[in-house]
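Undergrad: Below is one structure. I have some questions about it.
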Amino acid sequence: MKSVGLLGAAALALSLAAPAASEVVSATPTTMEISQVVTVDAPIARVWDTLRSPQRWWSKEHTYSDDSANLYMDGQATGCFCERFPDRRGSVEHARILYIQPPQMIRLSGALGPLQAEAVVGTLTFKLAPEGSNATRLTLSYIVSGYVRAGADTLAPKVDEVLALQVLNLKSAAEAPPPPAPTPQR
């Protein structure tokens, strides 16, 4: 996973556009809490469908295979937000689904990215709420606790940057017009 050099690119992208609210709520050497809030100009059903398709919005720079197309998310509790490696040469679990209530909330348990090598527990929650008939309020919360060799407080700003990038990607993917219908062959 290419995280060091890409954090600079993520910071640049975030300086151009950021979620309405993005913050490290708290951080200590053993804990961090990240919050992201953004309004998506799309109905809740479309945002939910996009959220459930991480291959459409999760940055390839934050995958193990360098290809977002290898990501998938199951649709029930104990399901997986996972990534297949090409040619069936392995896989990785990014997080496990703890709670899912379409189209309002999905909660996952997982230590994302470099946190996977640490002795931590992470809880990632996506909440969706309609804002009128054609917009959705997306709230992300990521709470991590455990032993982080570099200190959770030193990693929290980087984790916040990476998650903000993912939220912006999700927003863009959900707001994109649907692909044109295929033309019938004659």
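The values are calculated or read from the model by the stated rules, or taken from the named source; none is laboratory data. Not measured: the values here are computed from a predicted model. Heads up, the Cβs are rebuilt from the backbone with ideal geometry, glycines too, and the neighbour counts pull from every protein chain shown.
Undergrad: Being small (Gly, Ala, Ser), within 16 Å of the chain's Cα centre (by Cα) and surrounded by fewer than 21 Cβ atoms within 10 Å (Cβ to Cβ), is that true of even one residue in segment 138-146?
TA: yes
Undergrad: Being part of a strand (DSSP E or B) and either in contact (Cβ under 8 Å) with a residue 40 or more places away in the chain or aromatic (Phe, Trp, Tyr) (or both) is true for just one of Leu170, Leu140. Which residue is that?
TA: Residue meeting the stated conditions: Leu140.
Undergrad: Looking at segment 76-133, which of the residues that are acidic (Asp, Glu) and touching a residue at least 12 places away in the same chain (Cβ under 8 Å) is nearest to Leu51 (Cα to Cα)?
TA: The extreme case among them is Glu83.
Listed here are the residues, each with its yes/no results for (1) in contact with a Gly (Cβ under 6 Å, 6 or more places away or on another chain); (2) at pLDDT below 95; (3) surrounded by fewer than 18 Cβ atoms within 10 Å (Cβ to Cβ); (4) outside any helix (DSSP H, G or I).
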position	(1), (2), (3), (4)
Ser26	no, no, yes, yes
Thr39	no, no, yes, yes
Ala45	no, no, yes, no
Thr50	no, no, no, no
Trp58	no, no, no, yes
Ala69	no, no, yes, no
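Undergrad: Given the criteria surrounded by 15 or more Cβ atoms within 10 Å (Cβ to Cβ), hydrophobic (A, V, I, L, M, F, W, C) and in a helix (DSSP H, G or I), does Ala111 qualify?
TA: The answer is no for Ala111.
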